Amino acid sequence: MDKVKASPHTDKLAKCEECGIVITGDVAALQCDCCENSEAWKCAKCLGMSADLYQELMNTETSKWFCRECHTRTTGASPD
Ligand SMILES: [Zn+2]
Ligand SMILES: [Zn+2]
């Protein structure tokens, strides 16, 4: 599962939705498993993950992360 990849079909840079860091191959980050939007990323730092935990997650098929928008949509919580 290769989560860190540049999207060739968009001019937009993948960025962490929290800190705005540009997601390159050197940045550990998760992309939203729902919308896979170029802006729906969160870096490991903002996720509070260590590099080890991140690697572990990459090897776990069941690991999912959803961006704010999708999380709101899937949980049915009303946006504040
Ligand atoms: Zn971040
Ligand atoms: Zn999303």
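Values quoted throughout were computed directly from the atomic coordinates according to the rules given, and no laboratory measurement underlies them. In this text, all values refer to a predicted model and were calculated from it rather than measured experimentally. With ideal geometry, Cβ positions are generated from the backbone for all residues, glycine too; neighbour counts draw on all protein chains shown.
A few notes on this one:
- Exposure proxy ranking, count of Cβ atoms within 10 Å, fewest first, for C16, C46: C46, C16
- Cα gyration tensor shape of segment 11-64, rounded if a/c is under 1.5, else prolate or oblate by comparing a/b with b/c: oblate
- Within segment 33-80: Cβ-based charge dipole about Cα centre, in debye rounded to nearest 20 (Lys, Arg +1; Asp, Glu -1): 120
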